[in-house]
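Some notes on the structure that comes next.
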Amino acid sequence: MGKLIFRLVLSFLVFVGVFMLIQDYLTPESFGKYGHYRANSLDDNKKIIPQFKGEDACASCHEDIYEKKSETVSFDDDEYILHSNLKCETCHSPKIDARTECKIKPPKLESTRKMCGQCHSINASRKNKIKMIDMSDHNTEKNCVECHNPHNPWIE
Amino acid sequence: MDRINKNRRKFFQTSAALVGGTVFYSLIKPFEAKAVEANQTELDPELPLWGMGVDIEKCIGCGKCAEACKVENKVPAEPFYFRTWVEQYTIKKDGEVKIESPNGAIGGLEQSVENEDIFKSFNVPKLCNHCTKAPCVQACPVGATYVSPDGVVLVDESYCIGCRYCIQACPYGARYIHPEKQVVDKCTFCYHRINEGLLPACVEVCPTEARIFGDLRDKSSKLVKFMQKNPTQVLKPHLNTHSRVFYNGLSSEVK
């Protein structure tokens, strides 16, 4: 009887031991440090390089444009901010790596009628939020930038 | 006589086993609580607690946020994959609600309902709500998705097995399977950006400041000020997900 129990306990211990070894081998490093996940995954998620550099990065070279953009316009005794609260990258999406390629291949804005219409075309959901333009009626043969400087569009 | 004695002995044995078992269980109980605790969300009170405010009254549905998100996070360009998108709600005068989001609003939303039929119309930006009690985290069988110590629901790409349970579990439809990596992908509040002191890409490009990002623990942050000034709500509060994307001007039609 004692021998049987000894065998049983021994095989049980061996089973537990093997299980723990396998578990230790399969559990990745840093798993469970903060919770039921791999703590190193936080660093993996941090590692990606940002594409949008932020306004400060743009202003460090293009200060003149940045200042022009930040100006307010007075009209009818009211101050209008117009595009001054827009960030550079709202319109100039980083299609290139600006740090190295800005001077070699400056990004071009295409088809500004469509681009401006993205915000300014008539839509009931934009009511009272933004200046809306009827794109099918307002100087249809012209491009917006011919009359409006997007860095400081005037109002009339 | 003999039989009664045996029964009595059995009774004492059973009683002793019950009492002993109860005492033993109460002794190991604290350890059990600890084991359960280890599987739950642990927020670090020393770290920021990230959240986002969305001002529906300001959103114009230009789709710049959805566009920027795809560029920043290399989300596939096809119109089925989004980390964030904008929905246009149009309520007609006859009460019908029309919800559209062609290509997630990339390229700008257009109104498809005649002006005279519109009762009201508004745009609702959607994204991962970064729930404190995230159903997706509970559903993940391998611990590949989790709430980070600073309160962002993240995915461990190298550990995800692509089983799609979390996609089913998410009440906000914020997850998709990345077609090349074959693992789940979702909004991370641009975790790589916020840890460098930058704003998430969608917040950075929003022309009307309809998205506000900040630290909920910092009482002087933009987000906290936004929440003090406006009555904010979360989406699907009845699900008790304790999400951290707060909407101002949320109509009951929004699902």
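List of remarks:
- With K and R counted +1 and D and E -1, the other residues having a Cβ less than 11 Å from that of B:V254 yield a net charge of +1.
- Comparing each chain alone with all protein chains together (probe 1.4 Å, DNA, RNA and ligands left out), the residues of the stretch B:144-159 losing at least 30 Å² of accessible area are B:Y146, B:P149, B:D156, B:Y159.
- B:M227, A:M1, B:M52, A:M20, ranked by accessible area, largest first (probe 1.4 Å): A:M1, A:M20, B:M227, B:M52
- Probe 1.4 Å, accessible area per residue of the stretch B:80-149, Å²: 41 Å²
- With θ taken as phi - 60° and the Karplus curve 6.51 cos²θ - 1.76 cosθ + 1.60 applied, the whole-hertz 3J(HN,Hα) list for the stretch B:68-74 is 4, 4, 5, 5, 5, 9, 6 Hz, x standing for glycine and proline.
- Radius of gyration over Kirkwood radius for chain B, both on Cα atoms: the Rg/Rh ratio is 1.20.
- Solvent-accessible area lost on pairing B with A (1.4 Å probe, both sides summed) amounts to about 3600 Å².
- Exceeding the 21 Å Cα-Cα cut-off - candidates A:K47/B:K126; A:K87/B:K222; A:K46/B:K255; A:K47/B:K133; A:K129/B:K219: A:K47/B:K126; A:K46/B:K255; A:K47/B:K133; A:K129/B:K219
- 3J(HN,Hα) from dihedral phi, the stretch A:129-144, Karplus parametrisation 6.51/-1.76/1.60, rounded to Hz, x for glycine, proline: 9, 7, 5, 9, 10, 7, 5, 7, 10, 7, 6, 4, 7, 9, 8, 3
- Options A:L42, A:V16, A:L26, ranked by Cα towards positive dipole end of the stretch A:2-46, top entry (Cβ charges): A:V16
- Distance (nanometres) between label positions extended 7 Å along Cα→Cβ at A:S111 and B:E57: 3.5 nm
- Counts of other chain beta carbons within 10 angstrom of each beta carbon in peptide A:55-65 average 0.
- Convex hull volume per residue for the protein assembly as shown, taking Cα atoms only, in Å³: 224 Å³
- Relative contact order of the stretch B:34-137, defined on C-alpha pairs under 8 angstrom at six or more residues apart (%): 31 percent
- The orientation-averaged projection of the convex hull spanning the C-alpha atoms of the stretch B:28-148 amounts to 11.6 square nanometres.
- Cα-projected label distance for A:N143 with B:N115, points at 7 Å along beta-carbon direction, nm: 2.9 nm
- Using the Cβ-Cβ distance between B:I177 and A:V16 with R0 set to 30 Å, the FRET efficiency works out to roughly 0.20.
- Per residue, the Cα convex hull of the stretch A:2-46 amounts to 63 Å³.
- Contour minus Cα-Cα distance for A:A59 and A:E29 (0.36 nm per residue): 6.5 nm
- Student exercise, chain B dipole from Lys, Arg, Asp, Glu Cβ charges, in Debye to nearest 20: 1540 debye
- Of the residues A:H151, B:H130, ranked by 1.4 Å probe accessible area with the largest first, the sequence reads A:H151, B:H130.
The values are calculated or read from the model by the stated rules, or taken from the named source; none is laboratory data. No experiment lies behind these values; they were computed from the predicted model shown. Methodologically, a virtual Cβ is constructed for each residue, glycine included, from the backbone with ideal geometry; neighbour enumeration extends over all protein chains shown. For accessibility, only protein heavy atoms count, side chains too; no ligands or nucleic acids. Shrake-Rupley method; radii C 1.70, N 1.55, O 1.52, S 1.80 Å.
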